[in-house]
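The values are calculated or read from the model by the stated rules, or taken from the named source; none is laboratory data. What you see is a predicted model, and the numbers here were worked out from it, not measured in a lab. Cβ placement follows ideal geometry from the backbone for every residue including glycine, while neighbour counts extend to all protein chains displayed. Ligands, DNA and RNA are excluded from the accessible area calculation, which covers all protein heavy atoms including side chains. Shrake-Rupley method; radii C 1.70, N 1.55, O 1.52, S 1.80 Å.
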Amino acid sequence: MSFERFVSFRYLRAKRKQKFISLISIISVLGVAVGVMALIVVLSVYTGFTEGLRDQIIGINAHILVQGFGSEIDNPTLLKEQVEKVSGVAAATPYVYAQALITSGGQSSGIAIRGIDPSSAGKVINLETKMTSGTLADLATKNSLPAIVLGKEIANQLRVQAGSKIRLISPSGPLTPMGVMPKVQTCVVSGIFATGMYEYDSTMGFVNLDTARRLAGMEGVNSVHGIEVRVADIDQANLTAAALRKQLGPAYSARDWMQLNQNLFAALKLEKIGIFIALDLIILVAALNIISALVMVVMEKNKDIAILKSMGAKTGSIMRIFFYQGAVIGLSGTVLGVTLGLSLCAVLKRYKIIELPSNVYPMSTMPVKVVPMDVTIIAISAILITLAATLYPSWKASRIRPAEALTYE
């Protein structure tokens, strides 16, 4: 052990006259530990919420949307085959989008209609897992009336259930001397889905492609608005979208889920940075305790430092003595905080202690996801802050002049 480390460790051992200084050092360690633990737990919960929200948003939506520029796609089968050949694509399915007014009895509401292919849509979106009644296969059943799958909230608003009849009124009708005549389509509710997100459950309905084409006023027998794509790696969706644009050429666009929801996820990312900065202030307060503890040690060891310098200790050696002392406090607090934070996250994740109201949040229990990179950044920032706190006391100790400190000894 070097001379500087030996002396710094001796100073950390409390003697009878230095118990108050040692108490401040312990408080500093606990302060750093609490700050690190709070950062790990809060950011892990926030990441869990963000990913839970992301999964809900893209659960019944595709990872990538392929569309033609300003026109409908007349050859969806050929385009679907081309899309599925691109590396990173797991599945693809055509879709048609339309807006309509839905009525039942005396109740009415606006609704976004999505026409899907029941045979391939289940490979791209997870709507089947969200169904509380009925299945996607019911949309393909040939009955006298076309089938529709409604969200739970809009079904409650209209007071309908599986087997009920509703009417869809679309503004995409023929132009007559009296103006545009709306199209009216009667459908039977074949199923109800519940995603946990009010925006989807209250405004969305699914029908087969033929029904959606009629509502949208599309002339082509096989025309669709685009192709929905599911990728193998959701975090690499932007790269797969770029590969699709290159493969399909300038006639088509390919937008991934990050582009489609960029405002929302940019806001969530900014909030995460704000939380990190705010909670870092806890570590900063603990760093101020480290400064005060080391300054008091310097004042207490004033004459000891003077003697060491008289015996030949260099200025750098004196600085390293107090730098090591502060580093031990900072590292101890960081290690303790990381241990406590990861342990608490493991407990919350395993035992589901905190339950959430399902009518408010898209998940039933507190979501926790520990990201190793976040933990690493938290630990490094805590260490850097605590090491920075040792600079002034170390510099102050190195400036002591032996002649002045030992004048009255």
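Kindly establish whether Leu264 is assigned to a helix (DSSP H, G or I), of a type outside the set (Lys, Arg) and loosely packed, with under 15 Cβ neighbours inside 10 Å. Considered against the rule, which asks whether it is assigned to a helix (DSSP H, G or I), of a type outside the set (Lys, Arg) and loosely packed, with under 15 Cβ neighbours inside 10 Å, Leu264 comes out as yes. Being in a helix (DSSP H, G or I), buried (at least 20 other Cβ atoms within 10 Å of the Cβ) and among the polar types (S, T, N, Q) is not true of Thr339. Total residues in segment 225-252 satisfying the condition of being open to solvent by less than 20 Å² (accessible area, probe 1.4 Å) and hydroxyl-bearing (Ser, Thr, Tyr): the figure is 1.
Within segment 308-321, not a single residue is surrounded by 16 or more Cβ atoms within 10 Å (Cβ to Cβ) and under 17 Å from Met37 (Cβ atoms). Working only within segment 310-354, note down all residues that are of a type in the set (S, T, N, Q), over 13 Å from Ser398 (Cα atoms) and touching a residue at least 24 places away in the same chain (Cβ under 8 Å). Selection gives Gln325, Ser332, Thr334. Restricting the search to helices (runs of 4 or more DSSP H) fully inside segment 186-257 and requiring at least 1 residues that are touching a residue at least 40 places away in the same chain (Cβ under 8 Å), more than 27 Å from Asp55 (Cα to Cα) and out of contact with any helix residue (DSSP H, G or I) (no Cβ under 6 Å at 6 or more places or on another chain) gives 209-216, 237-248. Counting only helices (runs of 4 or more DSSP H) that fall entirely inside segment 344-409 and contain at least 2 residues that are modelled with pLDDT of 90 or more and out of contact with any strand residue (DSSP E or B) (no Cβ under 8 Å at 6 or more places or on another chain), the qualifying elements are 372-389.
Here Gly333 clears all of (1) more than 18 Å from Thr47 (Cα to Cα); (2) open to solvent by 50 Å² or more (accessible area, probe 1.4 Å); (3) among the small types (Gly, Ala, Ser) except the condition numbered (2). Given (1) modelled with pLDDT of 90 or more; (2) touching a Leu at 6+ places or on another chain (Cβ under 7 Å), where does Gly341 come up short, assuming only one miss? Exception for Gly341: condition (2).
Considering Met258, Met197, which residue is farther than 30 Å from Gly134 by Cα and surrounded by 14 or more Cβ atoms within 10 Å (Cβ to Cβ)?
Of Met258, Met197, the one residue that is farther than 30 Å from Gly134 by Cα and surrounded by 14 or more Cβ atoms within 10 Å (Cβ to Cβ) is Met258.
Whether any residue in segment 301-314 is under 30 Å from Asp201 (Cβ atoms), of a type in the set (Gly, Ala, Ser) and part of a loop (DSSP other than H, G, I, E, B) is what I want to check. Among the residues of segment 301-314, not one is under 30 Å from Asp201 (Cβ atoms), of a type in the set (Gly, Ala, Ser) and part of a loop (DSSP other than H, G, I, E, B), which makes the answer no.
Do the conditions hold for Leu39, that is, is it under 30 Å from Ile329 (Cβ atoms) and modelled with pLDDT of 90 or more? Considered against the rule, which asks whether it is under 30 Å from Ile329 (Cβ atoms) and modelled with pLDDT of 90 or more, Leu39 comes out as yes. Those residues that are in a loop (DSSP other than H, G, I, E, B) and at pLDDT below 90, I need them from segment 164-185; list them, please. Selection gives Pro171, Ser172, Gly173, Pro174, Pro177, Met178, Met181, Pro182. Residue check: Val298 meets all listed conditions (1) in a loop (DSSP other than H, G, I, E, B); (2) open to solvent by less than 50 Å² (accessible area, probe 1.4 Å) but one, namely (1).
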